[in-house]
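Novice: I am attaching a structure below and will ask some questions about it afterwards.
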Amino acid sequence: MPTDPLAPLLDLADVASAFSAAQAKVDDAMRHRALRRHGGRVAAEISLRSAVASAGLEGHAYDLEDVRAGTVTDPIVQGALRIFSADLADLWLQAPRQALARLHVLAARGVVPEVELGRPSSAADRIDALSGLVVGNSAWTTPPMLLAAVVHAELLTLRPFAGPAGVVARAAARLTLIGRSFDPRGLVAADVGHRLREPEYVGASGAYATGTPDGLRSWLRHYAAAVEAGADELITVGDGVLAAA
């Protein structure tokens, strides 16, 4: 079996335990009664909340109910909504560069010139390396959450696309969790977790960019905490759906 280049990250202090706690919270949330009969409604609500959160992290914050009512025409919000409606998990695992281009087209339509849609402007070598990690991860044993965290932070650091690069980064991380069967239905609202912990999100992603062990540890612990918060959001949504049924 090939050596997993991500495995040493689990040896950073408190990272493995943080991931285990997040996994346990997700496992618990996935047993929610609402998912038995109302899974589609829960998934739709999670997607809406996650898209609004991702746009908010990009500096385009709107009230959830206004977005639900269809009165928000901000192209960043509309791009985030398009991304959460797209089924790109299989493409992401097989052809990451192509999937990233598709994500950028969805996210940045109406924001950047058409000629720039789907075209990375920088960091080609690191994008190739990241693509290799995504494709090769099927042969490794590290948690999908770890790969998703690295994908997310790398794309935030590189910002290879013009416009809402953060929306693309968060979408790629989500596709990783879906495609690697950590969250196959896209029910864990990790982006809501990032939004709820926004100062930590900004600080930890900046720390990751330093490449130091402490910086990597800071980001990975934040990512696990955001996934836990996303599982809590799933429980909240499930409770609401049951109450309204």
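Novice: Which residues make up the longest stretch of the chain that has no trypsin sites (Lys or Arg not before Pro) in a DSSP loop with at most 11 other Cβ atoms within 10 Å? Write down the numbers at each step before the final one.
Specialist: Working: sites that count: Arg31, Arg33.
Longest gap between qualifying sites, sites excluded: 34-245.
Novice: Identify which of Ala21, Ala129, Ala229 has the largest mean-square fluctuation in a Gaussian network model of the chain, with springs joining Cα atoms closer than 10 Å.
Specialist: Ala129
Novice: I've got another one for you. When the helix-only estimate is applied to the chain (DSSP H runs of n ≥ 4, each -39,500 (n - 2.57), divided by the residue count), what is the mean residue ellipticity at 222 nm, nearest 500 deg cm²/dmol?
Specialist: On the way: 13 runs with 168 residues, N = 245.
Helix-only estimate at 222 nm: -21500 deg cm²/dmol.
Novice: Would you list His60, His222 from fewest to most Cβ contacts within 10 Å? Present the calculation step by step, with values, prior to reporting the outcome.
Specialist: Working: His60 19, His222 24.
Exposure proxy ranking, most exposed first: His60, His222.
Novice: Let me ask you something else. Consider a paramagnetic label point 7 Å from the Cα of Ala129 along Cα→Cβ; state which residues of segment 1-40 have an amide N under 13 Å from it.
Specialist: 5-6
Novice: Post the alpha-carbon centroid distance, segment 170-188 to segment 26-44, in whole angstrom.
Specialist: 15 Å
Novice: Quick one: if you stick a label point 7 Å off each Cα along the C-beta vector at Gln94 and Ile235, how many nm between them?
Specialist: About 3.8 nm, to one decimal.
Novice: Convert each backbone phi in segment 18-28 into a coupling constant with the Karplus relation 6.51 cos²θ - 1.76 cosθ + 1.60 (shift: θ = phi - 60°), then list the ³J(HN,Hα) values in order as whole Hz, x for Gly and Pro.
Specialist: Per residue, the Karplus-derived 3J(HN,Hα) values read 5, 5, 5, 5, 5, 4, 5, 5, 5, 4, 5 Hz.
Novice: When the dipole is taken about the Cα centre of segment 7-244, and only Lys, Arg (+1) and Asp, Glu (-1) are charged at their Cβ, what size is it in debye, to the nearest 20?
Specialist: Working: 23 positive and 26 negative charges, 107 e Å.
It works out to roughly 520 debye.
Novice: Of Thr157, Thr210, Thr142, which is the most mobile in a GNM of the chain whose springs link Cα atoms less than 10 angstrom apart?
Specialist: Checking each option, the largest mean-square fluctuation is seen for Thr210.
Novice: Over segment 7-244, what is the relative contact order in whole percent, taking alpha-carbon pairs under 8 Å and six or more residues apart? Present the calculation step by step, with values, prior to reporting the outcome.
Specialist: Numbers: 336 pairs, mean separation 69.5, N = 238.
About 29 percent, as a whole number.
No value in this document is a laboratory result; all are computed from the given coordinates. The shown structure was predicted, so the numbers you read here are calculated from the model rather than taken from an experiment. So basically every Cβ, Gly included, is an ideal-geometry build from the backbone, and we count neighbours across all protein chains shown.
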